[in-house]
1. Tell me yes or no: at least one residue of segment 82-90 is at pLDDT 95 or above and among the aromatic types (F, W, Y).
2. Would you mind finding the one in V125, V83 that is over 10 Å from the mean Cα position of the chain (by Cα), within 16 Å of R49 (Cβ to Cβ) and open to solvent by less than 50 Å² (accessible area, probe 1.4 Å)?
3. Could you tell me whether any residue of segment 50-63 is farther than 16 Å from A147 by Cα, surrounded by fewer than 18 Cβ atoms within 10 Å (Cβ to Cβ) and among the small types (G, A, S)?
4. Please tell me if A74 is open to solvent by 50 Å² or more (accessible area, probe 1.4 Å) and closer than 17 Å to A32 by Cα.
5. May I ask you to list pairs of residues, at least six apart or on different chains, whose Cβ atoms are under 9 Å apart, with the first in segment 68-94 being in a strand (DSSP E or B) and the second being open to solvent by 60 Å² or more (accessible area, probe 1.4 Å) and among the hydroxyl-bearing types (S, T, Y)?
6. Run down L118, L146 and say which single residue is assigned to a loop (DSSP other than H, G, I, E, B), modelled with pLDDT under 95 and surrounded by 14 or more Cβ atoms within 10 Å (Cβ to Cβ).
7. If R52 passes every condition in (1) touching an Asp or Glu at 6+ places or on another chain (Cβ under 8 Å); (2) within 27 Å of L118 (Cβ to Cβ) but one, which one does it miss?
8. May I ask you to verify whether A37 is under 26 Å from G133 (Cβ atoms) and not in a loop (DSSP other than H, G, I, E, B)?
Amino acid sequence: MTLRMPGTVGRRDLLMAGAGALLAVRGAHALAPELEAAMRGFAGGAATREGRVKLEIEPLVENGNAVPITVSVASPMSASDHVTQIAVFNQKNPQHDVIVATLSPAMPQARLATRIRLATSQQLVAVARMNDGSLWTHTVEVIVTLAACLE
């Protein structure tokens, strides 16, 4: 148990404030070249659109060794409208493809939850391929205070 004087700021509070300020300043900017290349390989050159996909991860990760992520896609998962694949790519890990999962319309929802390793602070992008061939994305920025998987 940590005791603090009233009105003082703890380390975690300070890191969260700094992370929020950094993400606000960076805003939604261009995708890192490493991510663009990884996505191009997955998409086969097809255009991607922002939307339908939600990549959930804490914006400030204290330990990059086992980081929980959840990817969900707005889809009825019916025979006529369903997600066929969900992929997650990262910018700065030695291998840029984190996971590629294949789904079927028999699944009740398009949702994937797992834990990943993150080498350092970086961008992550989730891509969903729909049965009509369209590709939907969501990009997030993550700040990692204790790096993992550096080779």
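The values are calculated or read from the model by the stated rules, or taken from the named source; none is laboratory data. Everything quoted here is computed from the prediction, not taken from an experiment. Neighbour counts run over all protein chains shown; Cβ positions are idealised from the backbone, glycine included. In case anyone asks, the SASA skips ligands and DNA or RNA and just uses the protein heavy atoms, side chains included. Shrake-Rupley method; radii C 1.70, N 1.55, O 1.52, S 1.80 Å.
1. Yes - at least one qualifying residue is present in segment 82-90.
2. Only one candidate passes the filter, namely V83.
3. yes
4. Spelling it out, it is not the case that A74 is open to solvent by 50 Å² or more (accessible area, probe 1.4 Å) and closer than 17 Å to A32 by Cα.
5. Close Cβ pairs satisfying both conditions: T84/T102; Q85/T102; I86/T102.
6. L118
7. Going through the list (1) touching an Asp or Glu at 6+ places or on another chain (Cβ under 8 Å); (2) within 27 Å of L118 (Cβ to Cβ), R52 breaks only (1).
8. It is true that A37 is under 26 Å from G133 (Cβ atoms) and not in a loop (DSSP other than H, G, I, E, B).
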